[in-house]
C-alpha cells in the first residue's frame, strides 16, 4: 500500500470510524455514502452519518497463517480472524497477545492500536488495529474451580449448564 493511500485511510484505521444509516440504523465499516441494506438505496443518500465503532466483538472465524505475505515474515505463525463487532460490522484483523492454538470461535476481543509493518528501506512504520482477547474477570469459589463472575456454579464448583 502506498504511503499516500495509507495516510488517507488514517481516520478509519486509527479510530475505527465507520458510518451509520439514519433510515435503518445499520452500521458500516469502512464508511459508506449509500446504505445497501435499505430497500431504496437512493433514500439513504445524505442520511449516512459518521459512526464510531467500539472495537469490541467476538471471533466469527479464523485461520492460522504459516506462509505470510511480504513484510510479515517475522510474525508467523499468526492468527487472522473475522471479528463481528458488537455494532454489527465484520472486520478482518490479526489476533495478538494469545497463542494461535488458544484462539477459538466466540472468543471476546477488543481492537488495539499496534504496529502493522514497516515499509521500505526508510522504515516508514504503519500502525492500525489488531484484536486482543478481553480478559474475563474470574473468581474462585471456596474449594472450587474458576468461575466467571455472574456465572452460577454447581456444588462441585463447575460451571452450570447454559
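Please report the projected area of the stretch 55-135's Cα convex hull averaged over all directions, in nm².
On the way: hull surface 21.5 nm².
If I average the Cα hull's projected area over directions, I get 5.4 nm².
Can you tell me the order of 87-93, 65-71 when each peptide is scored by its average per-residue count of other Cβ atoms within 10 angstrom, highest first? Show your work: numbers first, answer last.
Working: 87-93: 17.1, 65-71: 10.6.
Packing order, densest peptide first, comes out as 87-93, 65-71.
Just so you know, all these numbers are worked out from the coordinates, no wet-lab data involved. Note that this is a predicted model, so its numbers are computed, not measured. Cβ coordinates were reconstructed from backbone atoms using ideal geometry, including for glycine residues, and neighbour counts include every protein chain displayed.
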